[in-house]
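Student: Below is a structure I'd like to ask you about.
The values are calculated or read from the model by the stated rules, or taken from the named source; none is laboratory data. The structure presented is a predicted model; accordingly, all values stated were derived computationally and were not measured. So basically every Cβ, Gly included, is an ideal-geometry build from the backbone, and we count neighbours across all protein chains shown. All accessible areas refer to the heavy atoms of the entire protein, side chains included, with ligands and DNA or RNA removed. Shrake-Rupley method; radii C 1.70, N 1.55, O 1.52, S 1.80 Å.
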Protein chains: 2
Amino acid sequence: MPSYSAPVRELRFVLNELLAITECTHIPGYGEVSDDLVDAVLDGAAKVAEEIWAPLNQTGDEEGCRFENGVVRAPSGFKDAFKAWYDGGWNGISSPVEWGGQGLPGVLGLAISEMAMSSNLSLSTYVGLSGGAASVLMSIAPDQLKQLYVPKMMSGEWTGTMNLTEPHCGTDLKLMRTKAVEQDDGTYAISGTKIFITGGDHDMAENIVHLVLAKVEGEGEGLSAVSLFLVPKIKVNDDGSLAQGNNVTCGSIEHKMGIKGSSTAVLHYDAAIGHRLGAKPAPKAEGEDGKKKKRGSGAGMAGMFQMMNGARIGVGYQGIALSEVAYQNAAAYTRERTAGRALSGAKYPDQPADPIVVHPDVRRMLLQMRSFNEGARALLMWLSHEAVVGRHDGDDERKQQVSDLFNLLIPVVKAHFTDVGFECVNMAMQCFGGHGYIREHGMEQFVRDARISQLYEGANGVQALDLVGRRMGVDNGRPARALFSLISGFIAEQKGEDMAPFTKPLQAGLDDLMATTMWLAQNAIQNHEEAGAASVDFLRMMGTVAVGYMWARMARVALDQLDRGSDDEAFYKMKLNTARYYMGRVMPDTASLKMRAMAGAEVLMMPDDEAF
Amino acid sequence: MPSYSAPVRELRFVLNELLAITECTHIPGYGEVSDDLVDAVLDGAAKVAEEIWAPLNQTGDEEGCRFENGVVRAPSGFKDAFKAWYDGGWNGISSPVEWGGQGLPGVLGLAISEMAMSSNLSLSTYVGLSGGAASVLMSIAPDQLKQLYVPKMMSGEWTGTMNLTEPHCGTDLKLMRTKAVEQDDGTYAISGTKIFITGGDHDMAENIVHLVLAKVEGEGEGLSAVSLFLVPKIKVNDDGSLAQGNNVTCGSIEHKMGIKGSSTAVLHYDAAIGHRLGAKPAPKAEGEDGKKKKRGSGAGMAGMFQMMNGARIGVGYQGIALSEVAYQNAAAYTRERTAGRALSGAKYPDQPADPIVVHPDVRRMLLQMRSFNEGARALLMWLSHEAVVGRHDGDDERKQQVSDLFNLLIPVVKAHFTDVGFECVNMAMQCFGGHGYIREHGMEQFVRDARISQLYEGANGVQALDLVGRRMGVDNGRPARALFSLISGFIAEQKGEDMAPFTKPLQAGLDDLMATTMWLAQNAIQNHEEAGAASVDFLRMMGTVAVGYMWARMARVALDQLDRGSDDEAFYKMKLNTARYYMGRVMPDTASLKMRAMAGAEVLMMPDDEAF
């Protein structure tokens, strides 16, 4: 069975040293943050993840969710493990105090969410979706609904879901068929079929709160008619007690490649009672000009997009989390498994063979994974923290900058981290040789589980199109310029030769990225096919450079610590070495990516559709 | 359920047009080869693959092999489908006539093996291993054993296996513990445990012929004591009838990520009777100088290596075969599934949305897969055919050249084709979005099945080490020079501007490959760690350039056909376009690969083993 040990030292490095969150006590939520508090949070959550969640990961996969007599049963032990997370207060660590949370920085919540995802990705999906749904309700639900639903969701008594996809429509929401018909009492009758609903049914909570997109009857046929509804599995009385069931039934659950402990439900809504989230369109908008309606029903969609942005960051983090746990097991295996001798002569002459960790290519694989895990984690947590600090401390320009960076990099975090995460998990499996293919080692489960992250919350190709088609173009490319100037500025600040091994490759990567951005600006505005043709390679280039920026910053911190004579010298030397690895063996990817991105759309568009 | 249609037109293009096998009638085995014969073979095998094998692929995965009361049961229908392949004569298509085969060119056998692997990889493993084992017996078994075993293996009444791996040893054969003790009658008693034995037990044949590596008692402890033995599951009387069981028992079968219809057995040998293949060491070699023994027992090992080389090519082809069938299903899905509109405006305005095949990035994925499938298939078949033609027609220099190319590229075919094949199969799954993750579509099975090919027959990292550590260095790098001069020569022959879009990128890739080879020669000979550190990137570069060479050659053929006014213009135009795709979007990889390969070993070797 694979093992998991929360990377507490790494997380402390990012939180306390790279981000220095203990120096932000003037920011709301950061007031109580100290080294001790960080330790207590990390150690406490690690205990639940390592001791309660991780041991259920493999059994959860073997057993899977079962659909019996119309009800979904989660794998054995999941209900208690789910409860343990909530009872320990880990769900609400960075939620508002008024809703029962602890109000700590979001970045701390992210840190412990990594542990949840590494230890048991399937189980973490229930918690993640519930948290996302509760946040949407906190943001946009009418007060009465908030009071009725949010506390129960925060306590884990009820869970939440997000309902977008229908059998014939995923990305293209305007094809949606689920209908909402307003009732006399102001509620809506929701009818239609939703698929791929994560946590859509299960037996770990008393009730499930579905957030459902549906087209409102009488408000048109296009995207402007789509609004968001709260639809409980079981109706709720005004005093918060459960009433009778709503007309929501689970039709089946999907048989999937992985995350088998996470139920993926087909839900049928048959005039189920729902509450509209967000305002109705203003009456005047019901006139002839359909386009004006958008503003009116926009709040519900905005809520859904808020949840989706959060979910994209969460899914991006899944790529890191699985790569981390897979790395840990690969590293342990390569230190134990013996075969052959080091190329430079036996390193363990007393043993019949050397452990395979002595081989350069095995080390290459391990460093490839580490350089992703540590670099991507730093980028994701920096992005979250930076947005908070910038919005609190900054002037208007800085506020704009952090907002731009955050919005720009969401699809990069989602797609790049899950693409590279999947590559890394496969690399970890590869370290096991043929044994990696055998289920008992658990490595192939990580591969199967990780694969979903590239597909859900918008397939990665859609993320890339979102990046080049929408986010890059905002205000003439202001967000991308914010990223470029941030990196250039950091490079310019580094005067000493000690940083040259990091800043030179970073500059080369940045140059490739800027050149490709310029190329896109010149070519893709007239011809949108060029944007699509370049999108995936461009996103990967941006991800590669952004993670490289983090590696340069981490190298700076490590050099400073060594200068200061830290007593954890080995840690910082390894950090510097991994930074060197990234600069020497990952950053060069931008050279090829640039050529690919600039190869143009013509060859792609030439064939007739039928020629494929 | 996924579908499969044998790529007969593509195979005809490679066989008849690129390789022009119908013009080689002067070569033994090619005498009867004509367009009609090629069609008959391809169409006949396609029928079995499409109609009998493919429909059992998904059910075979769901059901898997079962281990019941010490016996392995293959999935329902496998036995009949297995029999259909042999009864149709497809197993022996390119086997010697004297052993019941049809004696046709090996390249035709390869072509139909692709169909077997695409339609049902699990089932194909039994056939592939049996054929490999039979070939070893034809080569090195004493005549009496040949007569007794080979005909039954050729007819499919018995199957064969290859037994190398033990629980504690895979790549490093000298750690082997299985023992062979000579008996008074000249047979050997074999004792030990072998794992990961593909087809090691099943109920589709009357007997199973195990080829087993074991250390001969009294011949030392190192690799020189390892010899190869024929050990039947059930002993065979001199008249060919079955006697009683041998002491070979199946302990269990592995629960694997994929190829679940292929049984992977743990076999226990408890003084099982085996026949030594290859000569005993000469008596004088039993003196003090253990090293001299190698020659004596070498024939058995040579037989095993022959089987392994064949198996590596077969496994390399698995990468193509799964990418091909996955591509077919992805292409069909993207032509059907609708979402959004083409970036340049609706292409199917009568429908509510365009099929996703209109999107440049979807086309990029499809062309990426195609460019691999067609290029890699051409390289593999060219390599096989070229070796035959060169050995038959060539002078000594040419004979040396084709032998060099073949030996050099075996690890490239094995590792590069399975690495890229796995990437392509994942890309095909990605085309399905979330639906790709659902088992019923069958795409995730292709991913799980394809994953093994990177691991078995020597993990891909081991292939890369074999390439740089052994094969590149042969006679001061003569094989690599043969490859370089072949490609340079082809480029030099192309005078017209029409080939420039292909030869220029090919030359750029070749330059990167030659520069890296030079760097390796200068750095890796003094420091073997440098060879290991560069190995995987170097292998990928060589594979990328070699496939690119095939694309340039295929472009030449397509241009000639178009010049000639072929009536299949669409086919050749698509071929040229896919060649352009490869040159514009795959060949540029060599730029980054060169930098990575030259990044050096120092950063890899720095960390202590415990630091990982």
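Student: Give the number of residues within segment B:363-372 that are at the interface with chain A (Cβ under 7 Å from one of its Cβ atoms) and in contact (Cβ under 8 Å) with a residue 40 or more places away in the chain.
Tutor: Of the residues in that region, 3 qualify.
Student: Which one of these is among the polar types (S, T, N, Q) and over 23 Å from the mean Cα position of the chain (by Cα): B:535, B:592?
Tutor: B:592 is the lone residue from the list that is among the polar types (S, T, N, Q) and over 23 Å from the mean Cα position of the chain (by Cα).
Student: Right, another one. Out of curiosity, is residue B:520 free of Cβ contacts under 8 Å to residues at least 40 places away in the same chain, assigned by TED's automatic domain parsing to the domain that holds residue B:588 and either surrounded by fewer than 17 Cβ atoms within 10 Å (Cβ to Cβ) or closer than 29 Å to residue A:367 by Cα (or both)?
Tutor: It is false that residue B:520 is free of Cβ contacts under 8 Å to residues at least 40 places away in the same chain, assigned by TED's automatic domain parsing to the domain that holds residue B:588 and either surrounded by fewer than 17 Cβ atoms within 10 Å (Cβ to Cβ) or closer than 29 Å to residue A:367 by Cα (or both).
Student: Quick check on segment A:215-273: of everything there that is surrounded by 23 or more Cβ atoms within 10 Å (Cβ to Cβ) and among the hydroxyl-bearing types (Ser, Thr, Tyr), which residue is nearest to the chain's Cα centre (by Cα)?
Tutor: Residue satisfying both the conditions and the ranking: A:262.
Student: Right, another one. Give B:487, B:452 a once-over and let me know the one that is of a type outside the set (D, E, K, R), in contact with a Phe, Trp or Tyr (Cβ under 7 Å, 6 or more places away or on another chain) and either at the interface with another protein chain (Cβ under 8 Å from one of its Cβ atoms) or open to solvent by 30 Å² or more (accessible area, probe 1.4 Å) (or both).
Tutor: Matching residue, one of B:487, B:452: B:452.
Student: From the list A:306, A:318, A:328, which one is at pLDDT below 95 and either surrounded by fewer than 24 Cβ atoms within 10 Å (Cβ to Cβ) or more than 23 Å from residue B:610 (Cβ to Cβ) (or both)?
Tutor: Sole residue among the options that is at pLDDT below 95 and either surrounded by fewer than 24 Cβ atoms within 10 Å (Cβ to Cβ) or more than 23 Å from residue B:610 (Cβ to Cβ) (or both): A:306.
This table checks each residue for (1) touching a residue at least 12 places away in the same chain (Cβ under 8 Å); (2) not polar (S, T, N, Q).
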site: A:1; (1), (2): yes, yes
site: A:22; (1), (2): yes, no
site: A:36; (1), (2): no, yes
site: A:42; (1), (2): yes, yes
site: A:83; (1), (2): yes, yes
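Student: Mind listing just one residue for me: the one in segment B:62-80 that is open to solvent by 10 Å² or more (accessible area, probe 1.4 Å) and assigned to a helix (DSSP H, G or I) and, of those, nearest to residue B:123 (Cα to Cα)?
Tutor: Only one residue tops the list, namely B:79.
Student: Still on this structure: Identify the residue in segment B:459-482 that is closer than 18 Å to residue A:363 by Cα and either without any contact (Cβ under 8 Å) to a residue 60 or more places away in the chain or outside any helix (DSSP H, G or I) (or both) and, among all such residues, is nearest to the other protein chains (Cβ to nearest Cβ).
Tutor: Only one residue tops the list, namely B:459.
Student: In segment B:2-32, which residue that is in a loop (DSSP other than H, G, I, E, B) and within 21 Å of the chain's Cα centre (by Cα) is surrounded by the fewest Cβ atoms within 10 Å (Cβ to Cβ)?
Tutor: Across segment B:2-32, the extreme among qualifying residues is B:5.
Student: Something else about it: Name, by its number, the condition in (1) surrounded by 21 or more Cβ atoms within 10 Å (Cβ to Cβ); (2) away from chain B (no Cβ under 14 Å); (3) without any contact (Cβ under 8 Å) to a residue 60 or more places away in the chain that does not hold for residue A:566.
Tutor: (1)
Student: Now, a different point. Just checking, which of A:436, A:421 is surrounded by 24 or more Cβ atoms within 10 Å (Cβ to Cβ), assigned by TED's automatic domain parsing to the domain that holds residue A:332, free of Cβ contacts under 8 Å to residues at least 12 places away in the same chain and in a helix (DSSP H, G or I)?
Tutor: The conditions single out A:436.
Student: Kindly list the number of the only condition in (1) within 14 Å of chain A (Cβ to nearest Cβ); (2) more than 15 Å from residue A:529 (Cβ to Cβ); (3) part of a loop (DSSP other than H, G, I, E, B); (4) open to solvent by 30 Å² or more (accessible area, probe 1.4 Å) that fails for residue B:353.
Tutor: Result: residue B:353 passes all but (4).
Student: Continuing with this model, one more query. Those residues that are more than 9 Å from chain A (Cβ to nearest Cβ) and under 20 Å from residue A:608 (Cβ atoms), I need them from segment B:572-608; list them, please.
Tutor: Selection gives B:572, B:575, B:576, B:579, B:582.
Student: When you go through A:394, A:375 one by one, which is the residue that is closer than 22 Å to residue A:107 by Cβ and free of Cβ contacts under 8 Å to residues at least 24 places away in the same chain?
Tutor: On inspection, the qualifying residue turns out to be A:394.
Student: From the list A:332, A:342, which one is at the interface with chain B (Cβ under 10 Å from one of its Cβ atoms) and in a helix (DSSP H, G or I)?
Tutor: One residue alone meets the criteria, A:332.
Student: Every residue in segment B:331-346 that is touching a strand residue (DSSP E or B) at 6+ places or on another chain (Cβ under 9 Å) and exposed (fewer than 14 other Cβ atoms within 10 Å of the Cβ), please.
Tutor: The answer is B:336, and nothing else.
Student: Hey, another quick one. Name, by its number, the condition in (1) over 26 Å from the mean Cα position of the chain (by Cα); (2) open to solvent by 50 Å² or more (accessible area, probe 1.4 Å) that does not hold for residue B:515.
Tutor: Unmet condition: (2).
Student: Then there is this: Restricting attention to segment A:490-504, which residues are open to solvent by 30 Å² or more (accessible area, probe 1.4 Å), part of a helix (DSSP H, G or I) and either of a type outside the set (Asp, Glu) or outside the structural domain of residue A:586 (by TED's automatic domain parsing) (or both)?
Tutor: Selection gives A:492, A:501, A:504.
Student: Further question: If you scan segment A:409-418, which residues turn out to be crowded, with 22+ Cβ neighbours inside 10 Å, more than 13 Å from every other protein chain (Cβ to nearest Cβ) and of a type in the set (A, V, I, L, M)?
Tutor: A:409, A:412, A:413 - these are the residues of segment A:409-418 that are crowded, with 22+ Cβ neighbours inside 10 Å, more than 13 Å from every other protein chain (Cβ to nearest Cβ) and of a type in the set (A, V, I, L, M).
Student: Let me ask another. So which of A:561, A:526 ends up being more than 10 Å from chain B (Cβ to nearest Cβ), touching a residue at least 12 places away in the same chain (Cβ under 8 Å) and over 28 Å from residue B:369 (Cα atoms)?
Tutor: A:561
Student: Moving to a separate point now. Every residue in segment B:215-274 that is among the hydroxyl-bearing types (Ser, Thr, Tyr) and within 14 Å of chain A (Cβ to nearest Cβ), please.
Tutor: B:252, B:262, B:263, B:264 - these are the residues of segment B:215-274 that are among the hydroxyl-bearing types (Ser, Thr, Tyr) and within 14 Å of chain A (Cβ to nearest Cβ).
Student: Is there a residue being under 30 Å from residue A:119 (Cβ atoms), open to solvent by 40 Å² or more (accessible area, probe 1.4 Å) and within 14 Å of chain B (Cβ to nearest Cβ) anywhere in segment A:184-199?
Tutor: yes
Student: Using the structure shown, decide if residue A:117 is touching a residue at least 40 places away in the same chain (Cβ under 8 Å) and within 16 Å of residue A:278 (Cα to Cα).
Tutor: Criteria not met by residue A:117.
Student: Determine, yes or no, whether residue B:444 is in a helix (DSSP H, G or I), within 13 Å of chain A (Cβ to nearest Cβ) and open to solvent by 10 Å² or more (accessible area, probe 1.4 Å).
Tutor: no
Student: While we're here: In segment A:143-175, how many residues are within 11 Å of chain B (Cβ to nearest Cβ) and within 25 Å of residue A:218 (Cβ to Cβ)?
Tutor: Selection size over segment A:143-175: 9.
Student: Sticking with this one: Evaluate the following for residue B:327: is it within 19 Å of residue B:445 (Cα to Cα) and at the interface with chain A (Cβ under 10 Å from one of its Cβ atoms)?
Tutor: Taking the combined requirement at face value, the residue satisfies it.
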